[in-house]
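One structure below.
Read-outs: derived from the displayed coordinates by stated rules, not from any lab. Worth saying up front: this structure is predicted, and the values here are computed from it rather than measured. All Cβ positions, even for glycine, are placed from backbone atoms using ideal geometry, and neighbour counts span all protein chains on display.
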Amino acid sequence: MDCLFCKIVAGEIPSHKVYEDENVYAFLDIYPCAEGHTIVLPKKHFEKFTDMGEEDAATLFASVNKIAKIVGDTLELEGMNIGINNGEIAGQTVAHVHVHIIPRRAGDGEGNMHTIVELHPPTDNLAELAEKLRKSF
Ligand code: AMP
Ligand code: ZN
């Protein structure tokens with residue numbers, strides 16, 4: 001399969017590996033947003049997070065939890081942003097699910113999740129919207 005991240009997992013393309021087990025592979029982002037920017041991906045190829053089943057997603061996030069703690073402790077971070085660009089429209093550029101762990105440091109001056117998308121839609125329909133979503137489960 002012509003997938004950059006599958007090739008990294010297979011060792012066909014070099015990477016700065018941070019951690020690996022039977023389910024996940026973690027490495028440093030080549031264009032880091034902050035020092036220590038780490039990418040965690042499932043070894044199994046899925047294009048998007050929403051293509052994964054709940055079990056695979058749970059396994060991925062258990063690993064993200066473990067890796068984020070160790071990255072945070074090792075680099076003595078006060079915090080980090082952890083997130084996924086899910087789909088091209090959301091900014092996903094590599095079509096293999098991956099979770100970004102982006103270190104945050106005091107005084108870095110950067111924003112939070114709310115600064116990624118700032119559409120500020122109306123809020124007078126929140127009850128209706130929540131009901132529509134609840135009914136879909
Ligand atoms: P996304 O925009 O969420 O799809 O993230 C893809 C990420 O992969 C970007 O942050 C890139 O900097 C990173 N990236 C692309 N190619 C490589 C590579 N060969 N090694 C490490 N990171 C990469
Ligand atoms: Zn892949």
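At a glance:
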quantity: Cut-off 17 Å (backbone N to label point 7 Å along Cα→Cβ of E110), residues of the stretch 75-91; calculated: 75-86, 91
quantity: FRET efficiency estimate (nearest 0.05) - Cβ-Cβ, L129 to Y19, R0 30 angstrom; calculated: 0.20
quantity: Order of I13, I8, I39 - criterion: other Cβ atoms within 10 Å of each residue's Cβ, fewest first; calculated: I13, I8, I39
quantity: Residue order, fewest to most beta carbons within 10 Å, for S15, S63, S136; calculated: S136, S15, S63
quantity: Degrees between helix 126-135 axis and first principal axis of the chain (Cα, 0 to 90, nearest 10); calculated: 60
quantity: Rounded Å value of the spacing that divides the Cα centres of the stretch 24-90 and the stretch 1-21; calculated: 14
quantity: Rounded to 10°, Cα long-axis angle of helix 54-74 versus longest principal axis of the chain; calculated: 60
quantity: Which of K135, K69 has the fewest Cβ neighbours within 10 Å, and the rest in rising order; calculated: K135, K69
